[in-house]
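Chemist: Have a look at this one.
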Amino acid sequence: MYDKVKLWIDRAIVDAGYPLIANYLDRGKQEADLETGEIKTFGSIGGLKVSVFPNGVSIIGSLPKFLYGSNVYPLDRHATAQSIEKISDKLHFNAEKADVKGVEFGTNFLMKHPVADYLAKLGEMPRLHRYHVEQQTLYYKGKQQRKVLCFYDKAADAKAKGIDCPLDGNLLRYEMRLNWRLAKMFNVPEVKASTLAEAGFYRAVMRRYQSSYFSISKQNQIKPNAMNEIKTVSDAFNVFVARLINQSDPTQILEFLDELKKINAFEDRKYYSRLKAKIKEVASKEDITVSDELVKELDNEIKNCGAYV
């Protein structure tokens, strides 16, 4: 399920074949630094962007597009090994030794309903901010964007870019984009291109992909018999508030908290966290709410995508 990767390989590793790399590129162009005399070469191979610098080579692009011509189909670890081998054949050096500087991991899910309906059910996430771009794209980002989650309508995205999409229907794509020191993130000595195809590392990325999704709060539905169980004013209040919260835009809670912070409503900042927890508690009370059907469907898709790794 790997997609876009950012690879870097030092010149010393390529060794004697380094000056010849420019000859293997499609539509290669050279630039000369008039001050230092250094030559840089920019080109591509099969859609991957290749930049040859004096000290090494950068390779950036979608592995499934490089291997299959489209990223609609997921790239498992075996196909990943094939794509790295193909890069090696094209550039005539061992690309397995390249360092992985960034990676996207994700796939497409064929859903029963329009993609926008599912995105509306996804709420906030710990340590990442929620950004909803129109109705078709949803991001979760940190300030430095070391980790980004992205949910979007793959069919609409392909149409907007003029790309043929071989699958019809409601295609929801969920991507996890990692742009930090991957070795530290996954507690391994190093992450080379060959590491991507290792079973243990692939499983670790899959677990992070799934756990990131399940850390996102979801909208619930009010139980069908919730009204019949109302006995007190507090019961009625909780049902009413839970209904309003779960029918509203997930960002409204955060916007309300931001308004309170701007006017310094509470002297103790812990009160904002307590209020947020209280709202979430009412919105998801077990005796009032049940999991939404669209959320259940997406939950199952995320669980099942990791069943055979």
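No lab work stands behind these numbers, since they all come straight from the coordinates. Bear in mind the structure is a predicted one, so any value in this text is a computation, not a measurement. Positions of Cβ are backbone-derived with ideal geometry, glycine not excepted, and every protein chain shown enters the neighbour counts.
Chemist: For the range 149-288, what's the radius of gyration and Dmax over Cα atoms, in angstrom?
Modeler: Rg and Dmax of the range 149-288, Cα atoms, are 21.6, 62 Å.
Chemist: Given only helices, namely DSSP H runs of n ≥ 4 each adding -39500 (n - 2.57), what is the per-residue ellipticity at 222 nm of the chain, to the nearest 500 deg cm²/dmol?
Modeler: Details: 11 runs with 110 residues, N = 309.
Here the helix-only value at 222 nm equals -10500 deg cm²/dmol.
Chemist: While we're looking at this one, here's another question. Specify whether the C-alpha gyration tensor of the range 1-126 places it in the rounded, prolate or oblate class, a ≥ b ≥ c being the square roots of the eigenvalues: rounded for a/c under 1.5, otherwise prolate if a/b is larger than b/c and oblate if not. Write down the numbers at each step before the final one.
Modeler: Numbers: a/c = 2.58, a/b = 2.06, b/c = 1.25.
Verdict is prolate for the range 1-126.
Chemist: I've got another one for you. Run down the lysines and flag those whose C-alpha is under 25 Å from the C-alpha of residue 285, throwing out any fewer than 8 positions away in its chain.
Modeler: Cross-link targets: 121, 218, 223, 231, 270, 276, 296, 303.
Chemist: With θ set to phi - 60° and the Karplus curve 6.51 cos²θ - 1.76 cosθ + 1.60, what are the ³J(HN,Hα) couplings of the range 122-127 in order, to the nearest whole Hz, using x for Gly and Pro?
Modeler: 8, x, 7, 9, x, 6
Chemist: While we're on this one: How about the range 98-172: which GluC sites (Glu not before Pro) there are in a DSSP loop, with at most 14 other Cβ atoms within 10 Å of their Cβ? Walk me through the intermediate numbers first.
Modeler: Values: sites: 104, 124, 134; in loops: 124, 134.
Passing both the DSSP loop test and the Cβ count: 134.
Chemist: Pick the calculated Rg and Dmax of the Cα atoms in Å for this structure from (1) 18.6, 59; (2) 23.8, 83; (3) 20.1, 66?
Modeler: It is the value labelled (2).
Chemist: Same structure again: Considering every Cα-Cα pair within the range 125-211, what fraction, in whole percent, is farther apart than 19 Å? Write out the running numbers ahead of the final one.
Modeler: Numbers: 1927 of 3741 pairs.
Cα-Cα pairs of the range 125-211 separated by over 19 Å account for 52 percent.
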